[in-house]
Amino acid sequence: MFRLPSLRRTLEAALRDAGSKSESIRASALTDLVHHAETSRAEVLAALERGLRDTAAAVRSAAAVGIADVQGKEVLSSLLVAVEDDDGYVRQMALAAIGELGDRRAGERLRRALSDPRPEVRFQAVIAFTRVVPEDAMHAIDLALEDDDASIRYIAVRCGEEQTLGQDLPVPAALLASASDLLEDPDTTVRVAAAVLLARSGESNGVPLLVDVVRGRVTTREHEDEAAAVELLGELRVTEAVPHLERRAFSLLGFGEGRFAWQALVSLARMGHQRARLRILRDLRSWSRDRRTLAVAAAGRAQLAEARPIVEAMKGDEGRADAGTVAIALDQLTSGVVAAGSLAIDGGAL
């Protein structure tokens, strides 16, 4: 049955519903309050702070998320108290909010949380600490890389990448050595994350593992890392991966493409694969605006020089393709540098 989307509450209605007897209504009211922070910040923050003391965990977690959304540094002390909440999810959301606020006053509390006996606290503490105290981030990352919990070792690798390559900084030799050791980790998701970091750093020792990911021999719980493996093999010109990329990029007997088909198409095109390059050029003239936009992004990331005139003709014409994607692709085609994170494409059919 068709239903109209519910309207966002007014400030008065949200404040009223924040005191409802229903915990689901209280939680959704706090979510709506966030949208009124610009005009009524004091009232909104007061309600969110009260929400951190609610009897229902769902409301307390919604309050923590809301405080992060409005950058409520004024109530940091209440968030620090929430780190000790009886509910595990609330603790995680409080730590995540502290990380989003980036307030250095929380640094010492986060440092202690790095050694907390509860793994969900350590997990969020690694993320928050590296953002709040970036100059000491490697201390937290080194500690987490030795953790007994695989999810914490994984997030340590990702935080290490964020703190180095994400800031256009070289990866320290010690972190590269740790990543190399993690190629033998008992957890496959950790191994794949380490291989991605190494490949992005110009190291080749993780490439065989990335090939196994693309061919389906090794699986990871993190789809983002699988997608990265697909694209990295093209950037590194790993010809051994071509048949496995082809299986992902092109339909098999007409039954649709494989996982991360778009990334596989880009990888093949970067390696000069004729069929992939022709596919992108064809899609630039598709009847579908969405498909044209995807093709524009692919042309830029694959540095497809022959696509430049077609992409240039789309400039300033929103009807043909997304203007932002066109601008990024033209910059990539001009500079020959692929902008990291320029377009997030989900895996699946093209």
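The values are calculated or read from the model by the stated rules, or taken from the named source; none is laboratory data. All values reported here derive from a predicted model rather than from experimental measurement. Neighbour counts run over all protein chains shown; Cβ positions are idealised from the backbone, glycine included.
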Among the numbered conditions (1) part of a helix (DSSP H, G or I); (2) within 25 Å of Ser20 (Cβ to Cβ), tell me where Gly99 comes up short. (2)
Residue identified as assigned to a helix (DSSP H, G or I), touching an Asp or Glu at 6+ places or on another chain (Cβ under 6 Å) and farther than 24 Å from Ser24 by Cβ among Leu76, Leu110, Leu80: Leu76
Quick check on this structure: which one of Ser77, Ser40 is touching a residue at least 24 places away in the same chain (Cβ under 8 Å) and more than 27 Å from the chain's Cα centre (by Cα)? Ser40
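Among the residues of region 144-187, write down those that are hydrophobic (A, V, I, L, M, F, W, C) and buried (at least 18 other Cβ atoms within 10 Å of the Cβ).
First, the residues of region 144-187 that are hydrophobic (A, V, I, L, M, F, W, C): 144-145, 150, 152, 155-157, 159, 165, 169, 171, 173-177, 179, 182-183.
Listed by number, the residues that qualify are Ala144, Leu145, Ile152, Ile155, Ala156, Val157, Cys159, Val171, Leu175, Leu176, Ala179, Leu182.
From the list Ser286, Ser267, which residue is out of contact with any strand residue (DSSP E or B) (no Cβ under 9 Å at 6 or more places or on another chain) and either touching a residue at least 60 places away in the same chain (Cβ under 8 Å) or assigned to a helix (DSSP H, G or I) (or both)?
Details: Ser286 fails: either touching a residue at least 60 places away in the same chain (Cβ under 8 Å) or assigned to a helix (DSSP H, G or I) (or both).
After applying the criteria, what remains is Ser267.
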Does any residue of region 199-206 turn out to be in the same structural domain as Ala298 (by TED's automatic domain parsing), within 19 Å of the chain's Cα centre (by Cα) and crowded, with 19+ Cβ neighbours inside 10 Å? no
Considering only residues that are closer than 11 Å to Arg109 by Cβ and under 16 Å from the mean Cα position of the chain (by Cα), which ones fall in region 127-141? Ala128
Filter result for the condition that a residue is at pLDDT below 95 and surrounded by 24 or more Cβ atoms within 10 Å (Cβ to Cβ), over Ala229, Ala249, Ala269: Ala249
